[in-house]
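Encoded as structure tokens, the structure appears first; notes follow it.
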Amino acid sequence: MKKLVVLGLLASAVVLGMATSAYANPSSSISISPTVVAAGHTVRISGSVPITPDCPATAARLTSLAQFFPPDGFGPFVSRNASGSFTFFFTVPASTPPGVFNVGLRCGGANVGVSASVRVTSQVTTVPTGGVATGAGGTADGPSGWWVALGIGCLALAAALIPVRLRLARQRR
């Protein structure tokens, strides 16, 4: 009886191992750009999986954790061209917690055997308001009234001296 159980487990492990690696192909690839993204923003997922009878053009599906592809970790199906290449733009859900997520591919019910990582950061929840505090004019901290008064005084003095300068220039001729 024990031998039958062990034999059954061994056969199951062999079948399961064959099923999960049946579509592994050295020419398969996946990449994500950018590799760091804030929750709620978009990434470009691209790659290639050869089209076979077991993995037709419409059967490749993105996978990850449930936080990245809610509710179960199975993402969208990606359409591939005749050479098996695909490009897909995905908006990371705003509810995705910060962390590193591996994104892989499944085709025909098995993992393809490639993955790429993306690091999700917190979503920006506050929007800045007001002008940039560069220290110019009224945006500077502290009493800037003295500097304004000095500038206006200099301009008034220059305006008063222009006619005097013109009169002196005419007299020298």
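Number of residues in segment 29-59 that are of a type in the set (V, I, T) and under 15 Å from F89 (Cα atoms): the value is 8. So for segment 95-103 (the condition being touching a residue at least 12 places away in the same chain (Cβ under 8 Å), open to solvent by 70 Å² or more (accessible area, probe 1.4 Å) and more than 19 Å from S31 (Cβ to Cβ)), does at least one residue qualify? Yes, segment 95-103 has at least one match.
Selection over segment 70-94 of residues that are acidic (D, E) and within 15 Å of I30 (Cβ to Cβ) gives a count of 0.
Look at V92 and say whether it is open to solvent by 70 Å² or more (accessible area, probe 1.4 Å), more than 15 Å from S48 (Cβ to Cβ), in contact (Cβ under 8 Å) with a residue 12 or more places away in the chain and among the β-branched types (V, I, T). Taking the combined requirement at face value, the residue does not satisfy it. Considering only residues in segment 32-63 that are in contact with a Gly (Cβ under 6 Å, 6 or more places away or on another chain) and of a type in the set (S, T, N, Q), the one that is surrounded by the most Cβ atoms within 10 Å (Cβ to Cβ) turns out to be S48.
Among the criteria (1) open to solvent by 60 Å² or more (accessible area, probe 1.4 Å); (2) modelled with pLDDT of 70 or more, the one G151 does not fulfil is (1). The residue of segment 1-31 that is modelled with the lowest pLDDT, among those that are exposed (fewer than 12 other Cβ atoms within 10 Å of the Cβ) and of a type in the set (S, T, N, Q), is S12.
The values are calculated or read from the model by the stated rules, or taken from the named source; none is laboratory data. Every value quoted in this text rests on a predicted model; they were computed, and no experiment measured them. Cβ sites come from the backbone with ideal geometry, for glycine too, and all protein chains shown count toward neighbours. Keep in mind that these areas ignore ligands, DNA and RNA; they rest on the heavy atoms of the full protein, side chains included. Shrake-Rupley method; radii C 1.70, N 1.55, O 1.52, S 1.80 Å.
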